[in-house]
Amino acid sequence: MSDIAAIDPALTMRSFREAHEADWRRLEDIVARAERKSVRSLADEDLFALPLLYRSALSSLSVARDTSLDKALVDYLESLCTRAYMFVYGVRTSPGSRLARFFRRDWPAAIRAIAMETIIVALMMIAGAVAGYLLVRHDPSWFYEIIPAGLADGRDPGASTASLEAALQDDGSANGDALGAFAAFLFTHNAQIAILAFALGFAFGIPTLLLIAYNGIMLGAFLALYVPRGLGPMVGGWLAIHGTTELFAIILAGAAGLRIGRSVMFPGGATRMAAAVRAGQTAATAMAGVVLMLMVAGLLEGIGRQTITTMPVRYLIGAAALAGWCVYYYLVGRGAND
């Protein structure tokens with residue numbers, strides 16, 4: 001006979017709690033010990049009792065819901081059943097297994113989930129780069145309005161072509177040291193842009209798109225400084241090794257922020273908060289990967305600047321890096337509960 005049938009209609013919440021609370025407490029104790037250590041730490045009698053206590057708690061939850069008992073009790077039983085479910089039916093994995101799953105499935109799946117936002121953000125950055133290039137080509141004074149003085153560091157329309165070319169050389173001389181300092185400054189700036197693009201997504205994604213556009217405008221302004229002087233291939237080669245990874249990371253960070261903003265603006269059938277939380281889970285996974293991408297970009301910049309000076313090789317490495325990220329994100333793990 002089910003609990004519902006066995007309970008007298010006049011049964012109070014107090015008598016119901018007294019009849020079942022001992023089982024709830026024991027289940028809670030078993031689950032708490034399993035969470036602190038592992039299922040393997042449980043005694044045999046607790047392992048055998050766990051599924052029985054779990055089903056009993058589910059039955060109690062059903063009764064509590066159907067008879068409209070105290071909401072606090074319903075919430076407690078829902079939480080307890082959810083926690084117990086993970087040990088009765090869930091697969092408990094080691095930290096190493098969870099990390100492997102992150103790289104094998106969770107990270108690329110999160111990036112694929114924000115594919116539409118990625119395209120939008122990429123187009124916004126490209127549009128910004130074109131606008132920045134045209135502005136500075138038409139009127140070089142725009143360069144000073146677009147590029148912060150600390151980021152320019154003497155690389156501006158007033159600099160000679162020879163000095164700009166020398167700054168791109170990496171031969172271990174003072175110019176090489178200056179280039180390294182500039183690269184470190186640029187990396188820090190781009191990392192800040194990526195974090196802000198993600199963090200500002202909650203405001204309907206509008207600040208994120210504006211920030212991405214501005215970053216594109218800055219890129220276009222720099223290209224307008226070098227390309228007309230015949231230094232386009234050289235600056236492109238310098239950027240290629242780490243820039244493909246770095247700029248892709250910024251685009252993905254903006255896409256993650258935009259996903260949250262879009263969910264807040266268009267929550268569908270859910271509440272805005274619920275939609276934001278759901279989108280935030282995907283976006284946070286994607287952002288964790290972005291942080292790793294920025295670390296890889298930093299390593300590539302250091303290695304490439306110090307050891308690779310041949311322009312075709314730099315372009316080849318940059319193209320290979322971009323292709324590698326695309327293959328990883330859009331092919332790896334596809335179809336595995338994606």
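The values are calculated or read from the model by the stated rules, or taken from the named source; none is laboratory data. Please read these numbers as outputs of a predicted model, since none were measured by experiment. Glycine also receives a Cβ, built like all others from the backbone with ideal geometry; neighbour counts cover every protein chain displayed. Please note that ligands, DNA and RNA were not included when accessible areas were found on the heavy atoms of the full protein model with its side chains. Shrake-Rupley method; radii C 1.70, N 1.55, O 1.52, S 1.80 Å.
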Report task. Take segment 20-36 and flag every residue that is out of contact with any helix residue (DSSP H, G or I) (no Cβ under 9 Å at 6 or more places or on another chain) and either closer than 14 Å to SER59 by Cβ or open to solvent by less than 70 Å² (accessible area, probe 1.4 Å) (or both). Result -> GLU21
**Report entry** Residues located in segment 115-171, provided they are free of Cβ contacts under 8 Å to residues at least 24 places away in the same chain, under 15 Å from ARG229 (Cβ atoms) and part of a helix (DSSP H, G or I)
**Finding:** ALA162, SER163, ALA166, ALA167
Report summary line: Out of (1) out of contact with any helix residue (DSSP H, G or I) (no Cβ under 7 Å at 6 or more places or on another chain); (2) open to solvent by 80 Å² or more (accessible area, probe 1.4 Å), the one MET265 does not meet is (2)
Query raised in the report: Based on what the data block shows, is ARG101 modelled with pLDDT of 80 or more, in the same structural domain as ARG17 (by TED's automatic domain parsing) and under 28 Å from the mean Cα position of the chain (by Cα)?
Result: no
Report task. Consider SER62 carefully, then state whether it is closer than 30 Å to PRO207 by Cβ, out of contact with any strand residue (DSSP E or B) (no Cβ under 6 Å at 6 or more places or on another chain), open to solvent by 30 Å² or more (accessible area, probe 1.4 Å) and without any contact (Cβ under 8 Å) to a residue 60 or more places away in the chain. Result -> no
Requested in this report: Select from segment 203-223 the residues that are open to solvent by less than 10 Å² (accessible area, probe 1.4 Å) and among the hydrophobic types (A, V, I, L, M, F, W, C) and write down the one among them that is farthest from VAL136 (Cα to Cα).
Outcome: ILE212
Query raised in the report: Restricting segment 180-202 to residues that are polar (S, T, N, Q) and open to solvent by 20 Å² or more (accessible area, probe 1.4 Å), which is modelled with the lowest pLDDT?
Result: THR188
Report summary line: Checking ALA109, ALA152, ALA113 in turn, the sole residue that is open to solvent by less than 50 Å² (accessible area, probe 1.4 Å) and either modelled with pLDDT under 85 or aromatic (Phe, Trp, Tyr) (or both) turns out to be ALA152
Report task. Take ILE260 and decide whether it is closer than 19 Å to TRP325 by Cα, at pLDDT 90 or above and crowded, with 24+ Cβ neighbours inside 10 Å. Result -> no
Report summary line: Within segment 254-281, restricting to residues that are touching a residue at least 40 places away in the same chain (Cβ under 8 Å) and out of contact with any Ser or Thr (no Cβ under 6 Å at 6 or more places or on another chain), the one that is nearest to ALA110 (Cα to Cα) is ALA256
Query raised in the report: Can you find a residue in segment 79-87 that is in contact with a Phe, Trp or Tyr (Cβ under 8 Å, 6 or more places away or on another chain), surrounded by fewer than 17 Cβ atoms within 10 Å (Cβ to Cβ) and assigned by TED's automatic domain parsing to the domain that holds MET13?
Result: yes
Query raised in the report: Where in segment 231-338 are there helices (runs of 4 or more DSSP H), lying fully within it, with 3 or more residues that are within 18 Å of LEU196 (Cα to Cα)?
Result: 232-265, 272-307
